[in-house]
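*Asks:* Right, I'll just put the structure down here and ask away after.
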Amino acid sequence: MSQQGGKPTGHEDDWWGQLYDESTEDTGPAPAADSLDDRFASASGAVNDGVESDTGAVDESSRAGAGVPAPRRGLADAADTPYGAEFVPEGAPWEPPPDPPAGPATFPPGPKPPGFVERTPPQDRTPTESPVTTVAASRVPPDVPSPPTAPPGPAVPPGRPAAQTARNDDWWAAQQEPATPADQGTPADPTSPPAPQGLRTATRVDLPTLPPTPVDYVGSGPPTCDAEPTALPPADPDDLDDLVPDTVLDGARYGSCTLRAVSARGDSARFRGEPRRDSLLTARFGTGEQSLILVAMATGARATPGAHRAAAEACHWIGRAVGRSQARLAEDIRAGRRGDLKSGLHRLTDRSLGKLRASATEQGIDPEEYAATLRCLLLPADPECRTRVFFGVGAGGLFRLRDGEWHDIEPRTVDITGEPVVGFGSLPAETPEGDRLTMDLGIPTPPSPYEPAPEPPREPFRFRASVARPGDTLLMCTGGLAEPLRGEPDLCRYLTGRWSEPAPPGLAAFLADTQTRVKGYADDRTAAAVWEA
């Protein structure tokens, strides 16, 4: 008997020599048995032929007579052996069993497939040699070729290219790396706790603050009337020029300012089918940097049939007056002659409104019914001149948005107050002793036939010239928008968020902003806003 791992001796030499003798003709497998008895007989004969005799020799004659090839102790058929399986010959019955395997068998590294990225194995796992491999190698003769070994590498499913597997490995390796501050997009905070390995923290993106989206109304609740036009005003087939559109929208950009202007019917006029009482005129006089832009808006008297015609005529008269005096006005604005501007524009305004009253007299209409308020804004086209001139007569509003806050800069009229002066005014109603000089019975004094009837007090003239700053927004509007701006804080906050951006809104956005409705305010709205670059 030989020792484990030693050289075979005795009859084992004959067995190994017969097994690997190339000169011996291979007779092939045993013939198939015809019945179960033949199968059991063939199996028992094969077992008996392989048993050693008392003398230690094998009965070779019985093997040859039965036609059974020499037994292959511990070997399986080559066709039944899977590819890459370990070749472990079986020991003799009297030999002790081999030690249990301590781990999986390892193979020497082979060539890497194309596109495979070399990765360093973790430090806590080192490949170890299995004792089963050592024992099996000691039992295999040196002449026996070893089965081919498969190269190590990731298992590639059938039909998947190796390049795709390599890309997947690169992606998985990148996911296992800890996130760095450069990947996160924000500088690392030394006081913050470290992020866990293998996990990526959320990327923080600073988005710009967007203005609020357009809304239909602000305030305590929705207005009563519908927001969209309902009824059209009546038309005269012989005077179609008298028709007024529901909305007028205009805009321009000159020098360092951008202009947006709009005039729209109110909810009340849209519901009743009345024409728009507000009128808007935007005009440019002159060429080049000597040009002068005029924005004029007027509102006709309420509840009068020709209110829209009076407003349009007032805008036309003031436009003609300013256009004829454009050169002198542009020069005074650039030179900053406030006194000359105020007196000259006051004279032009009175002349225009006087022609409007004269037109009412010619039509046989009461001048008080054929009247209109007038508000104008002059903008020089010279980019070096930032002087903005406002003038007009009547109610409305002039506001300025600066640094996120609204300022009401409507010019105030000066009222005469104080003690009566000698020679001016009326006498006191009573003496210092308390005696009343006359008795007021509440009877009005009839007008004198020798003196004309006193005219009603006229609206004072308003004038303001100011220098704009970059980022300012100047808003001139009629009473339909000025009253809700003064009475509803929510509208001021909403327009602040919409118009605080450096870039001015487009025409459609400006129209939507000015049509933001407020409950209790349903008059026509006309507004002109100037954004300073």
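*Asks:* How much solvent-accessible surface does His316 expose, in Å² to the nearest 10, with a 1.4 Å probe and all protein chains in place?
*Replies:* Accessible area of His316: about 100 Å².
*Asks:* Using a cut-off of 9 Å between beta-carbons, work out the net charge of the residues near Asp408 (Lys and Arg +1, Asp and Glu -1, Asp408 not included).
*Replies:* Working: positive: Arg400, Arg486; negative: Glu410.
Result for the local shell: +1.
*Asks:* Could you tally the net charge around Arg351, taking each other residue with its Cβ under 13 Å from the Cβ of Arg351, Lys/Arg +1 and Asp/Glu -1?
*Replies:* That sum, taken over residues with Cβ under 13 Å, equals +4.
*Asks:* Could you work out the local net charge near Ala509, counting Lys and Arg as +1, Asp and Glu as -1, over the other residues with Cβ closer than 12 Å to its Cβ?
*Replies:* Computed value for this residue: 0.
*Asks:* Moving on to the next point. Scattering from the C-alpha atoms of region 264-335 alone, worked out with Debye: what is log10 I(q)/I(0) at q = 0.22, 0.25, 0.28 1/Å?
*Replies:* Per q value, in the given order, log10 I(q)/I(0) is -0.89, -1.04, -1.20.
*Asks:* Now, a different point. Bin width 10 Å, alpha-carbon pairs only: give the P(r) of region 224-263 as whole percents, running from 0 to the bin holding the largest distance.
*Replies:* 21, 31, 28, 17, 3
*Asks:* Just the projected area, averaged over all directions, of the convex hull on the alpha carbon atoms of region 271-390: how many nm²? Before the final figure, lay out each step's value.
*Replies:* Details: hull surface 33.0 nm².
For region 271-390, the mean projected area of the Cα convex hull comes to 8.3 nm².
The values are calculated or read from the model by the stated rules, or taken from the named source; none is laboratory data. If you're wondering where the values come from, they're calculated on a predicted model, not measured in any experiment. Positions of Cβ are backbone-derived with ideal geometry, glycine not excepted, and every protein chain shown enters the neighbour counts. Remember, those area values only see protein heavy atoms, side chains included, never the ligands or the DNA or RNA. Shrake-Rupley method; radii C 1.70, N 1.55, O 1.52, S 1.80 Å.
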